[in-house]
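These notes are about the structure you will find just below.
The values are calculated or read from the model by the stated rules, or taken from the named source; none is laboratory data. Predicted model, so just to flag it, every value in this text is computed and none were measured. Cβ atoms come from the backbone with ideal geometry, glycine included; neighbour counts cover every protein chain shown.
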Amino acid sequence: MRQVKLGLWGAEVSELCFGSLAVSPLQGRLTETEGVNVLRYALEQGVNWIDTAEIYDNYKQIASAIKGYPDVLIVSKTYAVSAKEMRLSLEKARTALNRETLDFFLLHEQESALTLRGHAEAWEELMRAKERGIVRWIGISTHAVAGVRAGALQPGLDVIHPILNYQGLGIVDGNLQDMLAAISFASELGIGIYAMKIFGGGHLTHDPKKAVDFVRSIPGVQAMALGMSSREEVDYNLLLLSGKDIPTSLQDKVRHRERKLYIADWCQGCGRCLEACPQGALHLSETVAVVDPEACILCGYCGRVCPHFCLKIV
C-alpha cells in the first residue's frame, strides 16, 4: 500500500482511507459484527486510517475493529457549533474509541466562510484541544467550493476532506473547474487533502479506473476515502490502486452491485429528509418523499433524521 503525507505537516497514511459510512448503522447494510470484520480485513491488508463521523454512530464498531492495531489513525467529524458541544463531541469520541488523543477531528459539512463563522466558537475550542494535545490534526469536510476556499484560510487548519470526482457530481456550488482551483489554492498553502465520493455515490462505478486516475492526477490531493462494505470491495479497491489486473469473478461481485436510496411506502411526507439532503436530491410528491437518483450521492444523511425510519441505502 502506497504511503503518502497529508500536506506539509500532516500524517503519514496509506493512500486509501477506509470510509466507514458504508459499514455504519447510518446506512444499515451490515450488522455491527459484519462491519467489524470488513474493517479488520482492510487493516490486515495495510489500510492504516479510518474515516468516520459522530453521526455515523459507529465508534463502538471501530473500537472493536482496531484492537491490536494501536497505530491506526482515525478521522472523525462533528456538527458542533458551540464550545460546549465541541467538548462533548471530543469527549464522546475519546471515550468510545478508547483513545486519549484523537488523530483527526473535523467540522462536518462546512459550506463557506459564513458557515465557518457560525461555527467559530466550536473551531476555537477545537484549536484549544489541539494545543492541549487532545487532537493532533484539525480540519473540515465539505461538498462546496466555497468551503474549500474558506477552510484553506481558517486559522490552525491542517486538512480538508472535499468531494471530488471527474464529473463534479455532488458539488453544491460552482463546478468541477471551480473545485479544482479551490483545491489548488488550499494545497499551495500546505494543507493536506483527501478526497471523498470519487465514484460519485456509485454513479461512476462503470469506469472505476478513470475515477481513481482522475483523483490521483490532481496535484495537492494526497489520498482518498472509499466506502467499503465487503472483503471483496476491499480487495477490488486495493488491486485497482496497485494497478494490478482484477479477476473477472471479483469484478462481477463488486462493480455491478447497484445501490439506491429506498423510501418505504409508510413515508408521512414530513419533509425533514429534504432539509437534511445536501444535494437537493429529494422532493415531496403527493405528500411523500421522492428521490432523484441522478442527484443522490448515497450519503444516507436523510435517513438519520426520518422519524419513521423510511429511508435506507440498499
ask   = Within region 217-225, can one find any residue that is part of a helix (DSSP H, G or I), over 30 Å from Val290 (Cα atoms) and not assigned by TED's automatic domain parsing to the domain that holds Pro293?
value = no
request  = Take the residues in region 255-271 that are more than 30 Å from Asp235 (Cα to Cα) and touching a strand residue (DSSP E or B) at 6+ places or on another chain (Cβ under 9 Å), then tell me which one is surrounded by the fewest Cβ atoms within 10 Å (Cβ to Cβ).
outcome  = Asp265
query = Of the conditions (1) in contact with a Phe, Trp or Tyr (Cβ under 6 Å, 6 or more places away or on another chain); (2) among the polar types (S, T, N, Q); (3) modelled with pLDDT of 95 or more, Ser217 fails just one. Which one is it?
reply = (1)
message = Here are the criteria: (1) part of a helix (DSSP H, G or I); (2) modelled with pLDDT of 95 or more. Tell me which single one Ile55 does not satisfy.
response = (2)
query = When you go through Ser229, Ser184 one by one, which is the residue that is of a type in the set (Gly, Ala, Ser) and modelled with pLDDT under 95?
reply = Ser229
task = Within region 117-140, count every residue that is basic (Lys, Arg) and closer than 18 Å to Tyr79 by Cβ.
result = 1
task = Considering each residue of region 65-105, count those that are surrounded by fewer than 22 Cβ atoms within 10 Å (Cβ to Cβ), under 17 Å from the mean Cα position of the chain (by Cα) and of a type in the set (Phe, Trp, Tyr), and give that number.
result = 1
key: Search result, residues across region 1-46 that are out of contact with any Ser or Thr (no Cβ under 6 Å at 6 or more places or on another chain) and basic (Lys, Arg)   = Arg2, Lys5, Arg40
